[in-house]
Amino acid sequence: MTTTPLEKTSVLPLGKSGLSHTAVFWIGFCVVLAILIAAPLFLSEFWRRFLTEVLIWGLLAMSSDLLIGYTGMVSFGHSAFFGLGMYGAAGALLIVSPPNLWLAMLFGLAGAAGAALFVAYFSTRLRDIYFAITTLIFSQIFYVIIFTWTAVTGGENGLIFDRPHLTIPFLYNARFTSTTMHWFVLAVVTASYLILRRITQSPFGMVLQSIRENEFRTRAIGYPVQRYKIVAVMLSGLFAGLAGVLYAIQNEFAAPDFVFFLTSGDTVIYNIMGGVGTLVGPIVGAGFFQLLRQLLAEAFGDQFPYLIPLGIIFIVMIIFLPQGLLGFARRWLNK
């Protein structure tokens, strides 16, 4: 017996429980969000700050997933966007008196967006490994500038500043606590995820995925591929800069170490561990990596370099879980 198109559309979206995949997603989203909102009320100060930083690293990883997972462009330049977001926010907080949270975010985003536009204009002319190497070179150029321009950036000592108040005009003005800082970061990361999810599901996002699958065919049917790549790099750099702003405000300093290419390498690792092309996967990968590193550091201390077992675990995951933790969870749930 054949199935009509109408019958197909009514059957396909439903899972075994009778709920549509969209309903299952939003239920899961609300449950996870509720847990993250309540978490700081039950965690100690250390783990509260740890969870907040995981969210920030997750935002950085999610921003790079727009390039790696959806456009097929591996970038090692996200340390520059992240670092310039930090330094832009730090500059605003040191110059403007009294320190203003929203102005710091604006300066940080402007710095990251400007750097992303500069990098995108040149690097998107290249493909594959050449694109990755070009972004790596640009990130190192920004690192050298920040490290050596001591009069402005503080050099290797970085910049230290006071955390601004959490201000909502005419409604709220108070100092950040570790709990309100967590809620603020969670709100920004959640909004960023929803925006990126909308972007990836839009016609623009479909073109990015077409570029990932077959760039030559996408260009042949009339799409200006380089323009799409430039916009993708700018959007990715903008959200990476936002992560840098949050990290600077959370820790009250900006340091050149975060502009070094190792930050970009960690970001790629977060994506691979969690699962590229999922947005949620990079956040899971960032949390898993940070938690694993913390536990191994506590277990081995200074007696044994904990990065060795961490590297072994990463290699094993690449071999046996090539789709990342989220891909493994999906296969397990489907079974």
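So Leu126 fits all but one of (1) part of a helix (DSSP H, G or I); (2) of a type in the set (A, V, I, L, M, F, W, C); (3) touching a Ser or Thr at 6+ places or on another chain (Cβ under 9 Å); what number is the exception?
For Leu126, the failing item is (1).
Look through region 32-85, keep the residues that are free of Cβ contacts under 8 Å to residues at least 60 places away in the same chain and in a helix (DSSP H, G or I), and return whichever of them is nearest to Thr124 (Cα to Cα). Can you show your working first?
First, the residues of region 32-85 that are free of Cβ contacts under 8 Å to residues at least 60 places away in the same chain: 32, 34-35, 38, 42-44, 46-47.
Restricting the remaining residues to those that are in a helix (DSSP H, G or I) gives 32, 34-35, 38, 46-47.
Numbers: Val32: 36, Ala34: 40, Ile35: 40, Ala38: 42, Phe46: 41, Trp47: 40 Å.
Filtering region 32-85 for residues that are free of Cβ contacts under 8 Å to residues at least 60 places away in the same chain and in a helix (DSSP H, G or I), the one nearest to Thr124 (Cα to Cα) comes out as Val32.
Looking at region 156-172, which of the residues that are assigned to a strand (DSSP E or B) and free of Cβ contacts under 8 Å to residues at least 24 places away in the same chain is nearest to the chain's Cα centre (by Cα)?
Narrowing region 156-172 to residues assigned to a strand (DSSP E or B): 159-160, 166-168, 172.
Now restrict to residues that are free of Cβ contacts under 8 Å to residues at least 24 places away in the same chain: 168, 172.
On the way: Ile168: 25, Tyr172: 28 Å.
Filtering first and then ranking leaves Ile168.
For residues in region 197-211 being touching a Phe, Trp or Tyr at 6+ places or on another chain (Cβ under 7 Å) and touching a residue at least 40 places away in the same chain (Cβ under 8 Å), which is farthest from Tyr223 (Cα to Cα)?
To start, the set of residues in region 197-211 that are touching a Phe, Trp or Tyr at 6+ places or on another chain (Cβ under 7 Å) comprises 200, 205, 207-209, 211.
Pick out the ones that are also touching a residue at least 40 places away in the same chain (Cβ under 8 Å) and you get 200, 205, 208-209, 211.
Details: Thr200: 17, Gly205: 13, Leu208: 10, Gln209: 12, Ile211: 9 Å.
By that ranking, first place goes to Thr200.
Looking only at residues that are within 14 Å of Thr71 (Cβ to Cβ) and among the small types (Gly, Ala, Ser) in region 201-223, which one is surrounded by the fewest Cβ atoms within 10 Å (Cβ to Cβ)?
Ser202
Given the criterion closer than 23 Å to Ala90 by Cα, surrounded by fewer than 15 Cβ atoms within 10 Å (Cβ to Cβ) and modelled with pLDDT of 90 or more, identify the matching residue among Ala174, Ala187.
Working: Ala174 fails: modelled with pLDDT of 90 or more.
Of the residues listed, the single one that is closer than 23 Å to Ala90 by Cα, surrounded by fewer than 15 Cβ atoms within 10 Å (Cβ to Cβ) and modelled with pLDDT of 90 or more is Ala187.
Pairs under 6 Å by beta carbon, first residue under 17 Å from Leu291 (Cβ atoms) in region 310-330, partner hydroxyl-bearing (Ser, Thr, Tyr) and outside any helix (DSSP H, G or I), six or more apart or different chains?
Listed by first residue and then by second, the contacts come to Leu326/Thr278.
Quick check on Gly77: is it under 13 Å from the mean Cα position of the chain (by Cα) and at pLDDT below 90?
Details: under 13 Å from the mean Cα position of the chain (by Cα): yes; at pLDDT below 90: yes.
Considered against the rule, which asks whether it is under 13 Å from the mean Cα position of the chain (by Cα) and at pLDDT below 90, Gly77 comes out as yes.
Name the pairs: first residue in region 228-245 and of a type in the set (Lys, Arg), second residue not in a helix (DSSP H, G or I), Cβ to Cβ under 8 Å, at least 6 apart or on different chains?
Hits for this filter: Lys229/Thr71; Lys229/Met73; Lys229/Thr124.
The values are calculated or read from the model by the stated rules, or taken from the named source; none is laboratory data. Because the structure is predicted, anything quoted here is derived from the model rather than measured. Using ideal geometry, Cβ is built from the backbone for each residue, glycine included, and neighbour counts are taken over all protein chains shown.
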